[in-house]
1. Roughly speaking, what is the stretch gain from A:F373 to A:L417, that is 0.36 nm per residue apart minus the C-alpha to C-alpha distance, in nm to one decimal?
2. In terms of the ratio Rg/(2.2 N^0.38 Å) built on C-alpha atoms, what value belongs to the range A:347-436?
3. In the structure shown, do any of A:K443/B:K5; A:K36/A:K443; A:K20/A:K200 have a Cα-Cα gap over 25 Å, and if so which?
4. Say each of B:K53 and A:R149 gets a label point 7 Å from the Cα, pointing the same way as Cα to Cβ; how far apart are those two points in nm?
5. If I fit a long axis through the Cα atoms of helix B:152-161 and take the longest principal axis of the Cα atoms of chain B, what angle between them do I get, 0 to 90°, rounded to 10?
6. Between A:A196 and A:F54, take the C-beta separation as r, use R0 = 41 Å, and let me know the FRET efficiency to the nearest 0.05.
7. Just counting partner chain Cβ atoms within 10 Å, what average do the residues of peptide A:170-179 show around their Cβ?
8. How far apart, in nm, are two points set 7 Å out from the Cα along the Cα-to-Cβ line at A:A33 and at A:V204?
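None of the figures in this text is laboratory data; all of them are computed from the coordinates on show. Just so it is clear, the model here is predicted, and its values are computed rather than measured. No Cβ is skipped: glycine too gets one built from the backbone with ideal geometry, and neighbour counts run over all protein chains shown.
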Amino acid sequence: MSFKESALREPLIEGNKTYKDVTEDICGPTDGAPGKEWWILFVISVALLMYGAFCVTWFVYFGIGTWGSNKTVGWAWDITNFVWWIGIGHAGTLISAILLLFRQKWRTGVNRAAEAMTIFAVMCAGMFPVLHMGRVWMGFFILPYPNTRGPLWPNFVSPLLWDVFAISTYFSVSLMFWYTGLIPDIATLRDRAKSAFRKKFYGVLSFGWTGSAKHWQRHEALSLVLAGLSTPLVLSVHTIVSFDFATSVIPGWHTTIFPPYFVAGAIFSGFAMVLTLMIMTRRILHLEEYITMSHIDSMNRIITLTGSIVGVAYLTELFTAWYSGNLYEQYAFANRALGPYWWSCWGMMFCNVVSPQLFWSGKIRRSIFWTFFLSVVVNIGMWFERFVIIVTSLHRDYLPSSWTMYSPTWVEVGFYLGTFGLFFTLYLLFAKFFPVIAVAEIKSVLKTAGENPARTAELKAIQDKANQVDGVAVA
Amino acid sequence: MASKKFILGIFGDEDILLEAVPAIQEKGVKIHDVFTPFPIHGLDTAMGLRESKLHTAGFIFGITGTSIAFGFMTWANTFNWRTNFGGKPFWYVPGYIPITFELTVLMAAAGMVATFLYLCRLAPGVEKIIMDPRQTDDKMVVAIEIDEHSDVAAITVALKTAGAEEVNEKHIDNWYRYKIM
């Protein structure tokens, strides 16, 4: 019999912490005034948000004729950004729900911030289709309400209406999941608050949580069922987004591979954004002992996996276009790679297929610089992917007389920048006023996953003994 | 009686607590509640709590969502106002699946959260008795309600021998202003 005994698992919480240390380390940053780095980022974010608000006001007033979209390229910048943001909004629920069901303890370090990120990203995403309606004050027409036009109900078998239900459900469920998880941690903030204002503020938000055994029992039951519900939900959301394309008759969109390919891409970009944010957060809030290299390594592994799935999907699409013998499909893909938008296609291929392969190297997976750099590259690549799918498939219509090019106007660019402003403003406020790491969850894994020299030595002795017994066979 | 008295056993380790709870109960001391900063698996069974029925509530809410979504779409598209969408059948069941699924999940989740908040009497602004402010930080608090007939000394000894780090008393005046549980 020959096998290699695995090395002891790395601790998920470094520095031999006590429960008190955990509370203080994670809740500490919420006390007092934020640091200089926080203020710089906050001012930039609010400035972007204000500019975005200006651009939105501009095009709501003058109409979406101020956009670069035209009769041929009817979906462009807005839907690209919608799909991009909604993809980013997939990692939080994946981490908190699917990894909870798989009992992955490393999720405890990053789930709370990732869930917050999910909620803010979905808020940004939702703005694009709503504002694309042009006359946003008529937006309620998409809802099935009794009306005087028949009543004329919305088309319940249209993927666009499915999107309305999927995204609003996803937002609501993620928000509830996030907030019920946050309640015990807000109670911790309340009970350690010094000033009367803080006590009142966190007191109201904590809903009166006491930590009673019965309440914890119900809380655990609730978390587990919400995780069970969120798992198919998160998969359904991007599946339905992909149906927006896949159920159409546009060459390059009309493929059955879209749902799994979009879901993998969403997880891919979501984890990249989590990494970008967590690397900044752990540095600014000094949480290196809770968001360790081991966490970053685990997330990079998921990026490698989902990046490879996305790569396989791209190649499958190309193969199918050729193998189908469908001239339109073949032209759509040739045009993507060699047409006027070749740079977006090759940018996508490079950023999404080639760059994550660097993570096969353990050194790169555990390098802060490379992880940060590649996480940004992946998000640029995923933006290109949506641009490629949407714009390059549309701009050469069936009739060459309809052929056109698309480029965004300053209003559209400003709108996109504004959603960055919204996202980072909300995230920074969250990081300032709430614990960015799930305090109670960290405490519940502290004994089994925390660094503890005495326990490590004990385990090592057991393992060494076991290895000695097998030593003969191994050698 | 406008005031209540509790004896609080403060524990610092969940493994000690898990053994302490049955040991205290064996001595005939009734535990009012245990407050912990994080969920401790096995504490509910050690205290003899019933299993949570929240799942059942979730199922009922979920099935309600399924029926509402499917029933409403059926009614709207076949009885109320028939609309021809691309020649598809009016009653187009496969096309109803996504919205039915989403509404099932939404109703199950929202219903369960509401049930959870109702059962635990949690709401914005609710104030409850905090036995010890450390119970949301690093200590586990075993609360035992006492009256004039209780043997305080015996309870204190039971808590200490079970491994309590401290034993305190807590008086709550006008307890009816709060929801203790």
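1. 13.8 nm
2. 1.50
3. Where the Cα-Cα span goes over 25 Å, the pairs concerned are A:K443/B:K5; A:K36/A:K443.
4. Placing both labels 7 Å along Cα→Cβ, they lie 4.6 nm apart.
5. Value to nearest ten degrees: 70.
6. After rounding, the FRET efficiency stands at 0.60.
7. Per residue, the number of nearby Cβ atoms from other chains is 3 on average.
8. 2.5
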